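In what follows, a single structure is set out as structure tokens and then discussed.
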């Protein structure tokens, strides 16, 4: 044991005999995403150069410690305002913090010094893509490709622009080239999978995502994309397994919970779907679609107080989505009677445009009368979705009032209009089925 320990100690001294050896180990650890271990090695470096400090800042960014990375790079930029590497570190920090404008500013400062900096050009291109500024994105990717026609980031970025512009053949040609030049790069396969999905080629998309996942098994976005592709193929059990994996990789990523909730709801696992929607509401309270989903589930379960509270939460985040106010009021009435939501409704009515379809319905639910005025408003409504929406809430109103026959009749009219993309479609179908099974029609 003693000689073994001495040997290991000697090996440690040998491995870290100089700064280059330590930096090589830092690089290895970063490639394995062992960022904390990589950061610890900087304490063993005696030298204090700008390059080493910037490398540490880059690792800090990778570890999610953007404020620490920014502190190092800002100090360097204060002394060297045109240092492109320090400006790139600051750009990465800004991106990680979700500040696109600040990132763009730092990248433009890099290009003012180094107009042919391909990394800065590509990052500017992706910055533009996030706001769908497609012409600006294409311009930056094209400049990068003029410098290096095989640059993988530029090839994929330009392909994304082509996909958004529906130039699918051009997008595929660039992605094929990116994959040919970089067969071990997961991002190219992942983007080509998006292209195949957009064209309806789900099996091809899945094949590319399988390759991407093999290369980057812990990339949560690849796992999520694979799960949604599996779901579209009807392979929901496998999709759920992938989403479980994605959540284990990043418990705070609300997107995986949203997709899992949708699949669970389709499978009839309402409790599981409700738990996922509740998780999303904690992680991203502003994502009001989760409150909507929870409200619909609780409404179907007959848990009207919980449904009311969920729709009120959705309305709080989206006060101009008056449908949430109507659904909250409907469940409030179910739980406590017609008078209870009136104080809430009068406040909402004041924010609606007078004589709009929503204003007319809010008045109906507040007054608990005036259905003839609603019918007259429906008759002159030209927008089909608005007409179907009004018919649905009139049906729901009659159901609350106990007039099952009229409620059923208006629900059937909503079905006949076939506006499946509207929020109320799923609820309307459930109400028809529920009335049929209970014999209430």
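None of the figures in this text is laboratory data; all of them are computed from the coordinates on show. Because the structure is a prediction, the values reported are computed rather than measured. Here Cβ is always computed from backbone atoms with ideal geometry, including for glycine, and neighbour counts include all displayed protein chains.
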Peptide ranges 128-138, 273-283 listed from the most packed, as the mean C-beta count within 10 angstrom indicates:
273-283, 128-138
Cα gyration tensor of the range 198-239, axes a ≥ b ≥ c as square roots of the eigenvalues: rounded (a/c below 1.5), prolate (a/b > b/c) or oblate?
oblate
Of the peptides 213-223, 94-104, how do they stack up when ordered by the mean number of other Cβ atoms within 10 Å, highest first?
213-223, 94-104
Explain nothing, just the number: relative contact order of the range 106-161, from Cα pairs under 8 Å at least 6 residues apart, as a whole percent.
30 percent
Which shape class applies to the chain: rounded if a/c is under 1.5, otherwise prolate when a/b exceeds b/c and oblate if not, where a ≥ b ≥ c are the square roots of the Cα gyration tensor eigenvalues?
prolate
How far, in degrees from 0 to 90, does helix 186-198 lean away from the longest principal axis of the Cα atoms of the chain, to the nearest 10?
30 degrees
Virtual spin-label span in nm between residue 335 and residue 384, 7 Å along Cα→Cβ
3.6 nm
Nearest-ten-degree value, helix 100-113 long axis tilted from longest Cα axis of the chain
30 degrees
With r as the distance between the Cβ atoms of residue 244 and residue 67 and R0 = 35 Å, compute the FRET efficiency 1/(1 + (r/R0)^6) and round to 0.05.
0.65
What is the range 370-441 by shape, rounded, prolate or oblate, if you read a ≥ b ≥ c off the alpha carbon gyration tensor as root eigenvalues and call it rounded for a/c under 1.5, prolate for a/b larger than b/c, and oblate otherwise?
oblate
Neighbour-count order for 425, 332, 430, fewest beta carbons within 10 angstrom listed first:
430, 425, 332
Taking Cα pairs under 8 Å and at least six residues apart, what relative contact order does the chain come out at, in percent?
4 percent
Residue 167 versus residue 75: modelled label distance in nm, points set 7 Å from Cα along the beta carbon direction:
4.7 nm
In percent, how large is the relative contact order of the range 370-441, given Cα pairs closer than 8 Å and 6 or more residues apart?
27 percent
Going by alpha carbons, how many degrees (0 to 90, nearest 10) lie between the helix axis of 371-380 and the longest principal axis of the chain?
60 degrees
Which of the peptides 409-421, 345-357 is most tightly packed, and how do the rest follow, going by the mean number of other Cβ atoms within 10 Å of each residue?
409-421, 345-357
Contour minus Cα-Cα span, residue 19 to residue 409, at 0.36 nm per residue, comes to 132.4 nm
Using alpha carbons only, how many angstrom separate the centre of the range 354-412 from the centre of the range 191-259?
41 Å
